[in-house]
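Written out below as structure tokens is the structure these notes cover.
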Amino acid sequence: MAKKNREEMEELRKMSDQDLGKEADETHRQLFTARLQVTTRQLANTALPKQTRKRLARIKTIQRERELIAAYEAATGGKE
């Protein structure tokens, strides 16, 4: 299972910032739909909302990492 998560993170890291934003929007819509379907008892896989929340958290984590890297590089002038 950890290997699958690692592969998913690598897939997400390869995306551009714009693609990652689109993926976050799409995942958020999927989460809304899954919650609605669970509430109305239309969804057989009740674990889907949890999986979708985790995917959204992974996407937001990568976005935040990139934001912090950009801020660090701006503050240090690109030096390490």
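Computed from the coordinates by the stated procedures, all read-outs in this text should not be read as laboratory data. Computed from a prediction, not measured in an experiment: that's the story for all the values here. Cβ coordinates were reconstructed from backbone atoms using ideal geometry, including for glycine residues, and neighbour counts include every protein chain displayed.
For this structure, a couple of remarks:
- Length-normalised contact order of the chain in % [C-alpha pairs under 8 Å, at least 6 apart]: 32
- Listed by chain and number, the lysines placed with their C-alpha closer than 30 angstrom to that of Lys3 are Lys14, Lys22, Lys50, Lys54, Lys60; residues fewer than eight positions away on the same chain are left out.
- Residues in the stretch 1-34 that a label on Ile69 would reach, taking backbone N under 11 Å of a point 7 Å out along Cα→Cβ: 13-17
- MRE, 222 nm, helices only [DSSP H, n ≥ 4, -39500 (n - 2.57), over the chain, to nearest 500]: -28000 deg cm²/dmol
- Environment charge at Thr27 (Cβ cut-off 11 Å; Lys +1, Arg +1, Asp -1, Glu -1): +4
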